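First up is the structure itself, then whatever we jot down about it.
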Amino acid sequence: MAVRAVASGRPGVRALRVLVSGGAGFIGLKLVERLLSARHSVSVLDNLHHQVHGEQPVADLIQRQTTFLRGDVRDASAWRALFPVDVIVHLAAETGTGQSLDEIERYVSTNVGGTAVLLDALKESGVQRVVVASSRAIYGEGLHRCAEHGLVSPQPRSVAALQVGDFEAKCPQCGLATAPVATHEDAPPRPASVYGTTKLAQELLVRQACEAAGVQSAVLRFQNVYGPGQSLKNPYTGILSIWASQIERGSTLDVYEDGRIVRDFVYVDDVVRALLDAVRRPDVAGETLNIGTGRATTLLDIISAFSQVLEREVPFEITGHFRPGDIRYAFADTTRSQRVLGYACQTPLEDGLRAFVTWARERLIRGHV
Ligand SMILES: NC(=O)c1ccc[n+]([C@@H]2O[C@H](COP(=O)([O-])OP(=O)(O)OC[C@H]3O[C@@H](n4cnc5c(N)ncnc54)[C@H](O)[C@@H]3O)[C@@H](O)[C@H]2O)c1
């Protein structure tokens with residue numbers, strides 16, 4: 001079943017009514033821009049969370065060109081006020097991995113409770129498809145290869161091991177160190193943080209409730225998203241944004257563990273392209289897809305890339321600090337998203353970092369964080 005489109009008022013253009021929760025956030029705002037340029041009709045539900053937005057007003061674009069409701073995803077009346085719609089893209093969430101272990105009720109309440117409230121209201125929404133943003137955090141350490149036991153899925157690392165500088169993930173069968181491999185969508189979920197657990201719960205809830213209601217659903221599991229528009233204020237946000245701010249302030253970067261933590265950094269425009277496909281394309285219904293570059297990048301690689309982009313050495317110190325709940329290795333196997341979406345990351349890390357650093361510098365100079 002394809003998502004039904006309605007005439008937009010412009011000859012030859014078909015439009016959808018798309019409700020974006022968290023549409024004022026980093027990924028949401030970029031998605032809203034793209035949906036509006038494609039002449040879809042957009043509504044946004046966002047509580048302008050202080051940790052993300054500070055005192056910044058909502059973007060002009062949202063104020064002027066969408067139906068914007070400042071409200072909480074845990075409030076059923078806020079969702080209902082924006083119905084009927086054709087597609088819901090559910091992005092609103094508490095997003096800090098480390099913070100989630102200290103504020104469990106808050107994370108569960110917004111991410112799981114807010115999704116439950118949406119799903120309870122589904123039958124009144126007229127919606128034909130729900131797209132939910134999930135995360136690489138659901139995999140925990142993801143897939144690894146053990147020299148003895150082949151492909152394995154390590155347990156989260158213990159705080160006791162991290163405290164003595166034992167950072168490597170271990171084979172669950174023999175306890176020896178393993179080598180990471182790109183993680184595909186069928187890898188067993190083993191979240192290492194409350195955040196990861198809530199994202200997994202969101203996925204399952206969306207699948208079950210949509211199936212029961214006869215509504216299509218799609219799950220996109222993002223790797224580490226970065227780019228202009230990312231909150232420079234939120235201390236719990238991605239490492240690139242924290243480091244970009246610290247570099248501009250002349251601080252020495254605190255490099256956790258031994259600097260060899262691996263992530264898959266994907267530029268926001270590449271993620272938004274995948275979201276647009278998930279909104280529009282019939283063949284994405286029912287899919288769970290990794291959205292990343294497939295490239296394994298260490299923290300030390302990132303520092304070299306920053307140095308290259310800025311054309312100067314970036315001061316850093318490898319401190320051995322760690323965060324409980326952090327995973328050692330995460331990078332995506334993107335074979336399925338390539339097959340289903342024809343998805344391929346288009347933005348090389350250096351180009352994305354250059355755009356990000358330029359934007360961050362301008363914001364910081366103007367005091368707009
Ligand atoms: N950025 C990443 O690297 C990344 C990686 C994996 C998954 N994701 C997922 O993508 C989605 C969007 O992330 P983002 O990076 O744009 O985050 P963001 O913090 O920039 O945006 C989230 C938005 O949700 C809003 N929000 C938070 N709690 C709310 C509530 N209770 N009610 C209404 N609105 C609320 C915030 O005000 C914010 O505008 C999230 O679901 C996140 O878990 C992001």
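The values are calculated or read from the model by the stated rules, or taken from the named source; none is laboratory data. Note that the structure is a prediction, hence the values are computed from the model and not measured. No Cβ is skipped: glycine too gets one built from the backbone with ideal geometry, and neighbour counts run over all protein chains shown.
Observations
- Scope region 131-166; condition closer than 22 Å to Asp186 by Cβ and among the aliphatic types (A, V, I, L, M); matching residues: Val131, Val132, Ala133, Ala137, Ile138, Leu143, Leu151, Val152
- Verdict on Gly196 being among the small types (Gly, Ala, Ser), within 16 Å of the ligand (Cβ to nearest atom) and in contact with a strand residue (DSSP E or B) (Cβ under 6 Å, 6 or more places away or on another chain): no
- Look at region 21-46: where a residue is on the phi > 0 side of the Ramachandran plot and a partner is among the polar types (S, T, N, Q) and more than 6 Å from the ligand (Cβ to nearest atom), sitting 6+ places away or on another chain with Cβ atoms under 7 Å, you get Arg39/Ser8.
- Restricting region 261-277 to residues that are outside any helix (DSSP H, G or I) and under 12 Å from the mean Cα position of the chain (by Cα) leaves a set whose member that is farthest from Gly325 (Cα to Cα) is Tyr267.
- Flag if Leu162 is in a helix (DSSP H, G or I) and away from the ligand (no atom under 16 Å from the Cβ): yes
- Answer residue from region 211-242, given it is near the ligand (Cβ under 10 Å from one of its atoms), hydrophobic (A, V, I, L, M, F, W, C) and in a helix (DSSP H, G or I) and is surrounded by the most Cβ atoms within 10 Å (Cβ to Cβ) among those: Leu240
- Restricted to region 243-275, and to residues there that are within 16 Å of the ligand (Cβ to nearest atom) and modelled with pLDDT under 90, the residue that is nearest to Pro180 (Cα to Cα) is Ala244.
- Qualifying residue in region 196-210 (condition: more than 30 Å from Gly126 (Cα to Cα), in contact (Cβ under 8 Å) with a residue 12 or more places away in the chain, assigned to a helix (DSSP H, G or I) and not small (Gly, Ala, Ser)): no
- Looking across region 323-357, not a single residue is free of Cβ contacts under 8 Å to residues at least 60 places away in the same chain, in contact with a helix residue (DSSP H, G or I) (Cβ under 7 Å, 6 or more places away or on another chain) and at positive phi.
- From Asp283, Asp333, residue being among the charged types (D, E, K, R) and within 28 Å of Arg17 (Cα to Cα): Asp283
- Subset of region 328-369 (residues that are surrounded by 15 or more Cβ atoms within 10 Å (Cβ to Cβ) and of a type in the set (Asp, Glu)): Asp333
- Meets criteria (assigned to a loop (DSSP other than H, G, I, E, B), surrounded by 15 or more Cβ atoms within 10 Å (Cβ to Cβ) and either under 21 Å from the mean Cα position of the chain (by Cα) or of a type in the set (Ser, Thr, Tyr) (or both)) for Gly325: yes
- Flag not set for Arg190, criterion: more than 12 Å from the ligand (Cβ to nearest atom), more than 17 Å from the chain's Cα centre (by Cα), at negative phi and in a helix (DSSP H, G or I).
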